[in-house]
């Protein structure tokens with residue numbers, strides 16, 4: 001009896017403690033291939049759980065934290081820690097720290113395959129980022145950030161990257177100066193009728209165009225990326241929403257770059273929660 005009461009008390013306490021935590025994620029099963037292996041196979045293409053929480057500290061201040069785990073491997077295998085972030089926000093602006101996976105392709109048209117646009121255009125890296133962003137003034141926000149490779153502790157030294165965002169009606173503009181490397185990067189997002197268009201260009205002549213178009217329960221996407229060294233990739237996507245949280249998605253990417261030369265596809269059933 002005591003054990004039962006203790007167990008009930010523990011469950012109740014856990015419920016109270018996690019009442020403000022938001023849990024979300026998705027599970028997807030797909031038939032897919034890769035650039036290197038053309039034969040299609042059944043696989044878990046998505047199995048992620050996200051946790052986030054926001055607390056009002058009073059005085060106009062709040063703290064937000066989040067982390068996620070991935071379990072795309074089959075039963076008996078381990079899980080992987082994904083992105084983790086924390087921010088402190090108030091009238092002074094926003095202080096944030098995050099440990100995230102960063103892909104070379106920054107735009108998106110919703111294309112989901114194993115060897116995706118970022119893989120073909122340079123790959124992924126895990127980075128630590130510390131940033132400070134000023135409060136918004138007339139829709140414009142400016143900030144500075146220090147970033148470092150995940151393998152080493154982040155040091156706040158050297159020339160930080162300066163970035164800014166601006167909301168001009170239906171147009172969003174993001175720009176950064178690249179810090180010490182001076183590799184500037186400009187991205188523009190806009191609404192064009194029912195479509196959403198994203199454009200990007202960099203000092204290294206990395207260019208991207210991404211377009212998504214809704215059509216009833218369907219959403220179509222096209223993503224094109226190119227670099228001055230000849231690397232290029234094209235991705236297309238079609239998603240059918242069976243409900244608000246369940247969808248069937250077909251993705252395809254073809255191109256040459258970063259050791260890849262060919263194409264791959266994914267047909268998946270995805271359930272979000």
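The values are calculated or read from the model by the stated rules, or taken from the named source; none is laboratory data. Predicted, not measured: the structure shown is a model, and the values here were computed from it. Using ideal geometry, Cβ is built from the backbone for each residue, glycine included, and neighbour counts are taken over all protein chains shown.
Report yes if residue 90 is farther than 22 Å from residue 164 by Cα, in contact (Cβ under 8 Å) with a residue 12 or more places away in the chain and surrounded by fewer than 16 Cβ atoms within 10 Å (Cβ to Cβ), otherwise no. So residue 90 fails the test. Here residue 64 clears all of (1) part of a strand (DSSP E or B); (2) within 27 Å of residue 246 (Cβ to Cβ) except the condition numbered (2). Evaluate the following for residue 54: is it free of Cβ contacts under 8 Å to residues at least 60 places away in the same chain, surrounded by 13 or more Cβ atoms within 10 Å (Cβ to Cβ), in a strand (DSSP E or B) and more than 16 Å from the chain's Cα centre (by Cα)? Yes.
The set of residues in the range 190-208 being in contact (Cβ under 8 Å) with a residue 60 or more places away in the chain, surrounded by 17 or more Cβ atoms within 10 Å (Cβ to Cβ) and touching a strand residue (DSSP E or B) at 6+ places or on another chain (Cβ under 7 Å) consists of 198, 200, 208.
Looking only at the range 37-50, residues that are within 17 Å of residue 117 (Cβ to Cβ) and not in a strand (DSSP E or B) come to 0 in all. Looking at residue 87, is it farther than 29 Å from residue 198 by Cβ and either at pLDDT 95 or above or touching a helix residue (DSSP H, G or I) at 6+ places or on another chain (Cβ under 7 Å) (or both)? When the stated conditions are applied, residue 87 does not pass them.
For the range 168-227, the set of residues classified as within 22 Å of residue 137 (Cα to Cα), part of a strand (DSSP E or B) and at pLDDT below 95 consists of 168 only.
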